[in-house]
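Please treat every number below as a calculation from the coordinates, not as lab data. Quantities reported herein were computed from a predicted structural model and do not represent experimental measurements. For neighbour counting, all protein chains shown are included, and Cβ atoms are generated from backbone atoms with ideal geometry for every residue, glycine included.
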Amino acid sequence: MSFRHLWAVTRKEIQHILRDRATLILVLLTPTAMLLIFAYSLTVELQHIPIAVLDYDRGATSRDFVQQITAGDDLDLYAQVASEDEIEDLLMRGEIKAALIIHPDFSRDLLALRGMPLQIIIDGTEPESGGFAVDHISWRAEKFINTALSDQLQTMGLALDTLQPLDLRVRTWFNPSLKPRNDVIPGMISIMLGFPALSVALTLAHEREHGTMEQLMATPITRTELLLGKMLPYIFVGLVNVVLIPLFAIAWFHISFNGSFLLFFALSAVFLFSILGVGIVIGVFIRTQAAALALSFLVIFFPGFFMTGIFFPISSMPELVRMESLFLPGTHYAIITRGVFLPGVGLDILWPYTVMMFGLGVVFVGIAALFFRKKLG
Amino acid sequence: MTSPIILTQALSRDFKETRAVDALDLSIQPGELFGLVGPDGAGKTTTLRILAGLLDITEGSGSVAGHDLSEQPEAVKPKIGYMAQRFSMYGELSVHENLLFFADLFDVPRAEMAERTSRLLAFAGLTAFTGRRADHLSGGMQKKLALACTLIHQPEILLLDEPTTGVDPVSRREFWHILSELHAGGTTILVSTPYMDEADRCSMVGLMYAGRLIECAPPARIRAKIEGEMIEILPHDWQAAQDLLRTLPGVFEVQTYGESLHVLVDKAKKRLPKIKKAFRKNKLTYNGLRPAPLRMEEAFISLIRDLEE
C-alpha cells in the first residue's frame, strides 16, 4: 500500500467535504441537529395523564393514597367515579387513559401488612400512556407504603428496617428520575454517526455518476488505497461529531457523563470504522447516489433505530432478529455508549463489544475490497 | 517494422445482447497518431475503455505496451494516459490541485513535480487559471486540463476518447496543435473523433462501423480508395436538384453539405457539362458548379453508405 496514493485520495476527499457546502452540512451539522430533533420527539415525557379513581374503601387511608398518587405532574385525577361502568364510559370516550380501583379491604389489608389490593385498568389502545400510568402508580404506591407503614410500624414498636428484606421490588438504577432521555440519547449517538457512513456510500456513487471514477480506475491506485482513502476523512469527521454530540448532550439535556471520555472517543473511532465499513460496502455495490441513499436508510438507519436495542430491548425480539442485531455495529456501540455515559464502566466490561465492532468493520471493509473491481460496467 | 505497441486480436466485447466490439484486429505502431473514426455507437468508446483496462474482454485478446489486458491490466495503467469522453476531473479542486492529485497517483517523482506541472500548465495554456476551480473553467479549458492530467506521468501511450467533442473551433485547433507536438515528441496517440477533418491530421486512420474495423490506412490512401471525383453544386432549388442528380448516369451518390450538394461522379470532367445541360433542361438554376477535392468526410460517408447497403 502506498501512503502517497492513500493521502492523495484522503486529501482530495477532505477538499471536497470542505468546499461542497451540502456535504459539509450533512457530515458536520446534521448529526447534532438530528439528535436535537429526535431527542425531543422520541422521548417526549408524558405528563398529566388523566386517570379516574373508584374508591370502594372510602377510608382516610385510601383518601390519603389517592391524594398521594395524583400529587405530582405525572398523573391527574380526572374524576372520582362510583362504578366500573363509569370507568368504561370514560375510557371509551378517551377522557382517561387509566383507572385505579381501590378494593374495600384496602386500608385493612395494608395496615395488617397483608399487601395492597389494587386494580389498575388501562387503555390498551394507548399502551404508552397506560404503561406510564401503571409505572407511576406503582412508584407512588411504593412511596406511600413506606410512609404509611413507617407510622404503622412505629406504633407497633418495630423498626422500618425489619421490612426491608421483604422488599423484592425492582428498582431502577442509574436513571432514578425515570427520564427516558438519559438512556435514549447515548444510544442514539450510534444513529447520528450513521451520517458519515451515509456520506461514504454517497461519495463512491458520486464519483461514478460524475465520471471521475472512470478516470480513477485508469490510474495505478489499488482498491484498498482507494477505499481506505475514502473512509479516512469521514472517520475524522465522525470523530468531530463524537466530541460535539456528548458536549451538546451534556450542555443541553444535562445528561451525566460518568465514564472516561478518552475511552468513549477511542471506542467511537472503532465504531466509526465498522459503520463506515457498511457505507463502503453500499458504495461498492450501488451505482447511483439516489439508490445509495435509499439503501443506507434501509441498512444503516432503520436497523439502527429498531434493532440495536436503543428503543426496543433486544431481549424481546424474535430469535432471528436477535441474531441479526449482533451483526449490527450499532448494537454493540449502544451498549458501549450507555455503559460509558451512565454507570461509567470501563474497558474491562466493554472489551467484547469493542472486539465485535472491530471484527465487523474488518469483515465489511474486506467484503468491499474483495468485490470492488477497477472495471466499468 | 517494429512490434505494435497496441495490438488486439479478434477482440470482442458484449453488453448483454449487443456486441459493441466485434472481432476487432487493431495494430498500432509506436509513435503513431492513430485516429479512430466512425459514427456514434460504432464501438469507439468501448475499444478505448478496453485498451485502458477499464472493461473486461468478452472474447479475443489485446495487449498494450507489451502487457496482456486480461492478465495484467494494472501493469498497463502506469504506461497510459487515458482521457474519458466526459469531463472527469474533480470540479471542486483547482486546476493545480487536480494536477497534483494525478501526479501523486502516478508516483511522479516529487523533485520533478513543480517543473512538470508548470510546464504542462504552460503547454495547455492554463497558467493563468492555475488556482481556478475546475468546474469554473470553459469546456475547452476543461478538456485541456484533462489532457494535462493524463500527461503528468509522461505516458508512452495516450488514449483520448473524443477529446474535442463539444469544444469550439479555436480550442479544437489548439488542442490538435498540442497533439501534433506530442506526436512529434514520439508519444503514441490513439484518438477517437467524430470529426472527419480531424482524421485528416492523423498519421493513420481506422474506420469503425458496427463494432468492426472497416478500413485502416493513412488518410491519403483512404481517400484514394473512393472511386470517382467530386462536383460541388449550389442549387437554388435544393430538393429538385437533388432528385434530378440522382437520376443522371455516372452519379454514384449525392451528399448534402450545408446549402450545397456534393455529387460523387465517375469522371468530373466528363459529367460536368452533362449536369449543366440537365439543369438547363429542367429549368433549374444554381449559383455555382465546380469540381472539388474529395475530402475525408465524403470518403467516410461514402464508405459507410456502401456498408449500410
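Run the quick spin-label model on B:Gln29 and B:His136: label points 7 Å from Cα toward the beta carbon, then report their separation in nm to one decimal.
Output for this residue pair reads 4.8 nm.
In this model, which of B:Lys225/B:Lys267; B:Lys79/B:Lys144; B:Lys77/B:Lys225; A:Lys12/B:Lys44 are farther than 26 Å apart at the alpha-carbon? List each step's numbers first, then the result.
Values: B:Lys225/B:Lys267 15 Å; B:Lys79/B:Lys144 20 Å; B:Lys77/B:Lys225 37 Å; A:Lys12/B:Lys44 31 Å.
Pairs exceeding the cut-off: B:Lys77/B:Lys225; A:Lys12/B:Lys44.
Where is the GNM fluctuation largest for chain A (alpha-carbon springs, 10 angstrom cutoff): A:Thr222, A:Thr155, A:Thr70?
A:Thr155
Using only the Cα atoms of the protein assembly as shown, build the gyration tensor, take square roots of its eigenvalues as a ≥ b ≥ c, and label the shape rounded, prolate or oblate: rounded if a/c is under 1.5, else prolate if a/b is larger than b/c, else oblate. Before the final figure, lay out the partial values.
Details: a/c = 4.00, a/b = 2.69, b/c = 1.49.
Prolate.
Only four residue types carry charge here, +1 at the Cβ of Lys and Arg and -1 at the Cβ of Asp and Glu. Report the dipole size of the protein assembly as shown about the Cα centre in Debye, rounded to the nearest 20. Show your work: numbers first, answer last.
Details: 62 positive and 74 negative charges, 757 e Å.
It works out to roughly 3640 debye.
Write down the percent of antiparallel bridges among all DSSP beta bridges whose residues are both part of the stretch B:6-221, to the nearest 5. Spell out each step's value before the answer.
Working: 20 of 38 bridges.
Beta bridges within the stretch B:6-221, antiparallel portion: roughly 55 percent.
With the radius of gyration and the Kirkwood radius both derived from the Cα set of the stretch B:227-293, what is their ratio Rg to Rh? Show your work: numbers first, answer last.
Working: Rg = 10.3 Å, Rh = 11.5 Å.
On the Cα set of the stretch B:227-293, Rg over Rh gives 0.90.
Size of the dipole of the stretch A:49-166 about the Cα centre, Lys and Arg at +1 and Asp and Glu at -1 on the beta carbon, nothing else charged, in debye to 20? Working shown, then result.
On the way: 8 positive and 21 negative charges, 99 e Å.
Taking the Cα centre of the stretch A:49-166 as origin, the dipole is about 480 debye.
Report the one residue of B:Val95, B:Thr164, B:Leu36 whose Cα lies farthest in the direction of the positive end of the charge dipole of the stretch B:6-221 (charges on C-beta: Lys and Arg +1, Asp and Glu -1; origin at the Cα centre).
Positive-most Cα among the choices belongs to B:Val95.
Do any GluC sites (Glu not before Pro) in the stretch B:33-91 lie in a DSSP loop with no more than 15 other beta carbon atoms within 10 Å, and if so, which?
Details: sites: B:Glu59, B:Glu71, B:Glu74; in loops: B:Glu71.
Of the GluC sites (Glu not before Pro), the ones in loops of the stretch B:33-91 whose Cβ has at most 15 other Cβ atoms within 10 Å are B:Glu71.
If you rank B:Ile6, A:Ile282, A:Ile101 by fewest surrounding Cβ atoms within 10 Å, what's the result? Before the final figure, lay out each step's value.
On the way: B:Ile6 22, A:Ile282 27, A:Ile101 18.
Lowest to highest Cβ neighbour count: A:Ile101, B:Ile6, A:Ile282.
Set the Förster distance to 45 Å, then compute FRET efficiency between B:Glu181 and A:Phe297 from the Cβ-Cβ distance, nearest 0.05. If you can, show how the numbers build up before the last one.
Values: r = 52 Å, r/R0 = 1.16.
E between B:Glu181 and A:Phe297, to the nearest 0.05, is 0.30.
What ranking do A:His332, B:His183 get, fewest neighbouring Cβ atoms within 10 angstrom at the top? Walk me through the numbers before you get to the answer.
Working: A:His332 29, B:His183 21.
Starting with the residue having the fewest Cβ neighbours, the order is B:His183, A:His332.
Is the shape of the stretch B:1-71 best called rounded, prolate or oblate, per the rule: a/c under 1.5 gives rounded, else a/b larger than b/c gives prolate, else oblate, with a ≥ b ≥ c the square roots of the Cα gyration tensor eigenvalues?
Values: a/c = 2.11, a/b = 1.37, b/c = 1.54.
Note, shape of the stretch B:1-71 comes out oblate.
Can you give the helix-only mean residue ellipticity at 222 nm for chain A, where every DSSP H stretch with n ≥ 4 adds -39500 (n - 2.57) and the sum goes over all residues, rounded to the nearest 500 deg cm²/dmol? Could you put the intermediate results ahead of the total?
Details: 17 runs with 237 residues, N = 377.
That comes out to -20500 deg cm²/dmol.
In terms of the Cα gyration tensor, with a ≥ b ≥ c the square roots of its eigenvalues, is the stretch B:59-211 rounded because a/c is under 1.5, prolate because a/b exceeds b/c, or oblate? Don't jump to the answer; show the numbers that get you there.
Numbers: a/c = 1.73, a/b = 1.18, b/c = 1.47.
Cα axes put the stretch B:59-211 in the oblate bin.
Among all helices in chain A defined by DSSP H, which have a length of 15 Å or more along the axis from Cα atoms plus a Kyte-Doolittle mean of at least 1.6? Numbers along the way, then the final one.
Working: long enough: A:3-19 (23 Å, -0.41); A:30-42 (17 Å, 1.47); A:127-155 (41 Å, -0.39); A:181-192 (16 Å, 0.60); A:194-209 (22 Å, 0.35); A:223-253 (43 Å, 1.56); A:261-285 (36 Å, 2.68); A:329-341 (18 Å, 0.38); A:347-371 (36 Å, 1.90).
Membrane-span-like by this rule: A:261-285, A:347-371.
Just going by the charge dipole of the protein assembly as shown, with Lys and Arg at +1 and Asp and Glu at -1 on Cβ, which of A:Gly344, A:Leu204, A:Val237 is farthest out on the positive end?
A:Leu204
For chain A, set up a GNM with springs between Cα atoms under 10 Å and report which of A:Ile300, A:Ile191, A:Ile25 has the largest fluctuation.
A:Ile25
Using DSSP, restrict attention to beta bridges with both residues in the protein assembly as shown and report what percent are antiparallel, rounded to the nearest 5. Display every interim value, and only then the final one.
Details: 42 of 71 bridges.
Rounded to the nearest five, the antiparallel share is 60 percent.
Sort A:Arg287, B:Arg290, A:Arg208 so that the residue with the fewest other Cβ atoms within 10 Å of its own Cβ comes first and the one with the most comes last. Each step should come with its number before you reach the end.
On the way: A:Arg287 15, B:Arg290 11, A:Arg208 18.
Ranked by crowding around the Cβ, least crowded first: B:Arg290, A:Arg287, A:Arg208.
In debye to the nearest 20, how big a dipole does chain B give about its Cα centre with +1 on each Lys and Arg Cβ and -1 on each Asp and Glu Cβ? If you can, show how the numbers build up before the last one.
Details: 36 positive and 41 negative charges, 325 e Å.
My answer is approximately 1560 debye.
Kindly work out what percent of the DSSP beta bridges joining two residues of the stretch A:49-166 are antiparallel, to the nearest 5. The partial results should precede the final answer.
Numbers: 5 of 16 bridges.
Antiparallel bridges make up about 30 percent of those DSSP assigns within the stretch A:49-166.
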